[in-house]
1. So, of the residues in region 1-33 that are surrounded by 11 or more Cβ atoms within 10 Å (Cβ to Cβ) and among the small types (Gly, Ala, Ser), which turns out to be modelled with the highest pLDDT?
2. Of the residues that sit in region 40-89 and are aliphatic (A, V, I, L, M), outside any loop (DSSP other than H, G, I, E, B) and out of contact with any Lys or Arg (no Cβ under 9 Å at 6 or more places or on another chain), which one is surrounded by the most Cβ atoms within 10 Å (Cβ to Cβ)?
3. So, in region 110-139, how many residues would count as being of a type in the set (Ser, Thr, Tyr) and farther than 19 Å from Phe86 by Cα?
4. Go over the candidates Pro147, Pro115 one by one and state the one that is modelled with pLDDT under 95 and out of contact with any strand residue (DSSP E or B) (no Cβ under 7 Å at 6 or more places or on another chain).
5. For region 82-125, give me each residue that is closer than 13 Å to Pro10 by Cβ and either β-branched (Val, Ile, Thr) or in the same structural domain as Pro10 (by TED's automatic domain parsing) (or both).
6. Under the condition of being more than 15 Å from the chain's Cα centre (by Cα) and part of a loop (DSSP other than H, G, I, E, B), which residue from region 122-133 is farthest from Lys4 (Cα to Cα)?
Amino acid sequence: MSNKENFLTPEGLVRLEEELEYLRTVRRQEVAEKIQQSKELRSSVISPEYEEAKNEQGFVEGKILEIERVIKNAKIIHHEDINVDFVQVGNEVRVQPQDGSEEYYTIVGSAEAKPGEGRISNESPMGKALLGKRVGDEVEVEAPAGPLKLRILEIK
């Protein structure tokens, strides 16, 4: 398991802590009940329900370990500490693709990334391309559809 630094906003940390608490207190219990029920229903042969419940238990326990690791290695990004002279984790960046439109992205750690909501990871190709750049800079990102060129218009 990697002990790399995980960038989190204070809000992201709260969300992860809430998810961890839910997994520990609610999901663990639900899965344990499923395992118990499937044990009671089966004969001497292992049932598909039992196998499914055991797999679900493994998934829940793995997710708990993953979230614990992320929290343990968290570097909290406080909004007042964010520099707007150049792009860094925590910044909101307004960019202009070649088609002249404008797009907004917030650079976050991988644990908080939600590209569909404009929250891109600092480890993603676009995040890496934007990091360290300034207003007016142009970046090129390798996208599945081919190279994408962006001009940085604003950093907040």
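1. Ala32
2. Of region 40-89, the ones aliphatic (A, V, I, L, M) are 41, 45-46, 53, 60, 64-65, 67, 70-71, 74, 76-77, 82, 84, 87, 89.
Right, trim to outside any loop (DSSP other than H, G, I, E, B) and you get 41, 53, 60, 64-65, 67, 70-71, 74, 76.
Going one step further and asking which of them are out of contact with any Lys or Arg (no Cβ under 9 Å at 6 or more places or on another chain), we end up with 41, 65, 67, 70-71, 74, 76.
Numbers: Leu41: 10, Leu65: 11, Ile67: 18, Val70: 20, Ile71: 15, Ala74: 17, Ile76: 13.
It comes out as Val70.
3. Taking region 110-139 as the starting set, the residues that turn out to be of a type in the set (Ser, Thr, Tyr) are 110, 121, 124.
Pick out the ones that are also farther than 19 Å from Phe86 by Cα and you get 110.
Here the count works out to 1.
4. Values: Pro147 fails: out of contact with any strand residue (DSSP E or B) (no Cβ under 7 Å at 6 or more places or on another chain).
The unique qualifying residue is Pro115.
5. Residues satisfying the conditions are Ile82, Val108.
6. Per the stated criteria, the residue is Lys133.
Every residue, every condition in (1) exposed (fewer than 14 other Cβ atoms within 10 Å of the Cβ); (2) in a helix (DSSP H, G or I); (3) more than 19 Å from the chain's Cα centre (by Cα); (4) touching a residue at least 12 places away in the same chain (Cβ under 8 Å), yes or no:
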position	(1), (2), (3), (4)
Val95	no, no, yes, yes
Thr106	no, no, no, yes
Ile120	no, no, no, yes
Gly136	yes, no, yes, yes
Glu142	yes, no, yes, yes
Leu148	no, no, yes, yes
Ile152	no, no, yes, yes
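For every residue, the table says whether it meets (1) within 30 Å of Thr106 (Cα to Cα); (2) in the same structural domain as Glu92 (by TED's automatic domain parsing); (3) touching a helix residue (DSSP H, G or I) at 6+ places or on another chain (Cβ under 6 Å).
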position: Tyr22; (1), (2), (3): yes, no, no
position: Arg27; (1), (2), (3): no, no, yes
position: Glu40; (1), (2), (3): no, no, no
position: Glu56; (1), (2), (3): no, no, yes
position: Val60; (1), (2), (3): yes, no, yes
position: Glu68; (1), (2), (3): yes, no, no
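The values are calculated or read from the model by the stated rules, or taken from the named source; none is laboratory data. This structure is a prediction, so every number in the text was calculated from the model and none was measured. Using ideal geometry, Cβ is built from the backbone for each residue, glycine included, and neighbour counts are taken over all protein chains shown.
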